[in-house]
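Here is the structure we will look at.
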Amino acid sequence: MSLVRLLARPMLATVFITGGLDALRHPGKRAEKARPLVQSVAGVTGLPNDAELMVRANGATAAIAGLMLATGKMPRVAGGLLAASLVPTTYAGHPFWTEGDPDVRRQEQIQFQKNVGLLGAVLLASVDTAGKPGLVWRTRAAAREARRTA
């Protein structure tokens, strides 16, 4: 593993580990903000209509996937899980477009943009093959080899 990956993965993961653990322990304010989103997707997806439970589940996902990324255990899967947990967190947690107060709106917009940046980073982590061929390439190579030998 390169020095950059060795350092960057745990650095990126810290925000997800600490934020996830905090959401598990203290879901209250997050649940209040998430309630409209949870209610709107519960009927469509079949997920529970329990904002506190969903915030805790999202926090657990972020913490576990963050630990996976930090330790290099299935980092591509971890990046995908973090991306999936970050989308509803960003949408429900920082709806700057609903804020009337310009100062609050600006702060929420900054937090929204920070999360979009983190989303980009975990998406990169989810496609990083650490210099090794990816699954798609390996599958295609195996198919080519099978055709040659057949």
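The values are calculated or read from the model by the stated rules, or taken from the named source; none is laboratory data. For clarity, every value in this text was computed on a predicted model and none was experimentally measured. Don't worry about glycine lacking a Cβ; one is built from the backbone with ideal geometry, like all the others, and counts go over all protein chains shown. Remember, those area values only see protein heavy atoms, side chains included, never the ligands or the DNA or RNA. Shrake-Rupley method; radii C 1.70, N 1.55, O 1.52, S 1.80 Å.
Summary of computed values
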{"read-out": "Heavy-atom SASA rank of 14, 129 (probe 1.4 Å, accessible area, largest first)", "value": "14, 129"}
{"read-out": "Contact order relative to length of segment 1-66, as percent, for alpha carbon pairs under 8 angstrom and 6 or more apart", "value": "46"}
{"read-out": "Cut-off 13 Å between beta-carbons: net charge of the residues surrounding residue 100, Lys and Arg +1, Asp and Glu -1", "value": "-2"}
{"read-out": "Exposure of residue 67 as accessible area (Å², to 10), given a probe of 1.4 Å and all protein chains", "value": "90"}
{"read-out": "Heavy-atom SASA rank of 17, 64, 110 (probe 1.4 Å, accessible area, largest first)", "value": "64, 110, 17"}
{"read-out": "Accessible area per residue in Å² at 1.4 Å probe, computed on the chain", "value": "63"}
{"read-out": "Theoretical gain in end-to-end length, residue 74 to residue 3 [0.36 nm per residue, Cα-Cα removed]", "value": "23.8 nm"}
{"read-out": "Label-point gap, in nm, between residue 144 and residue 25 - each point 7 angstrom along Cα→Cβ", "value": "5.2"}
{"read-out": "R0 of 22 Å, Cβ-Cβ distance residue 116-residue 11: FRET efficiency to nearest 0.05", "value": "0.75"}
{"read-out": "Rg/Rg_globular for segment 99-146, with Rg_globular taken as 2.2 N^0.38 Å and Rg from C-alpha atoms", "value": "2.08"}
{"read-out": "Carbon/sulfur fraction of accessible area - segment 1-148, other protein chains in place, 1.4 Å, %", "value": "65"}
{"read-out": "Relative contact order [Cα under 8 Å, 6+ residues apart], the chain, whole percent", "value": "23"}
{"read-out": "With all protein chains modelled, accessible area of residue 68 [1.4 Å, Å²]", "value": "30"}
{"read-out": "Full-extension gain in nm, residue 50 to residue 136, via 0.36 nm per residue minus C-alpha separation", "value": "27.2 nm"}
{"read-out": "Intensity falloff of segment 51-150 expressed as log10 I(q)/I(0), Debye formula with alpha-carbon point scatterers, at q = 0.11 Å⁻¹", "value": "-0.48"}
